[in-house]
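Computed from the coordinates by the stated procedures, all read-outs in this text should not be read as laboratory data. Since the structure is predicted, the reported quantities are computational estimates derived from the model, not experimental observations. For neighbour counting, all protein chains shown are included, and Cβ atoms are generated from backbone atoms with ideal geometry for every residue, glycine included.
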Amino acid sequence: MKRNIILIAVIIFLLLVIISGIIIYMIFNTPKEKKEEPIKIDKKLMMVSVGDSFVNNVKDSKKICKLTIKLEISKDVAELVTYREPEIRDRINALVRGKSEADLEGREGQEKLQKEIVALIQKIINSKGIKDVYFDEFIVQ
């Protein structure tokens, strides 16, 4: 009888040790919340619109393409971009008019067009101050 009580006490003690170990493990190994770093703003860059929307016919199609573009540019070329805006708009219109439906299709088509617009504007203003092009609106109907 005394032996059974000691055996039960040892089993209960071992269960308490195992449960305590699991609880301690869970407490100390919970993933820590990562501190969210605030978004850093590069004060040397700015966003500008290139006029209103671009509306063009799609090459070899009865569809039209409507684009609204924002440029991410360095502040030192902002005045030049504003001064050359009519030429920039004209060249973007010519570029988009030369695109077929297949060229404008999907994410790949949009990304390719963005890269072409960046290269086109960099060539016009003769500067690498154009960082990126963003589409506020991209519709082909």
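A few notes on this one:
- Helices (runs of 4 or more DSSP H) within segment 1-104 that include 2 or more residues farther than 30 Å from V140 by Cβ and without any contact (Cβ under 8 Å) to a residue 40 or more places away in the chain: 2-28, 78-83
- In this entry, S61 is excluded by the filter for residues that are under 24 Å from K131 (Cα atoms) and surrounded by 14 or more Cβ atoms within 10 Å (Cβ to Cβ).
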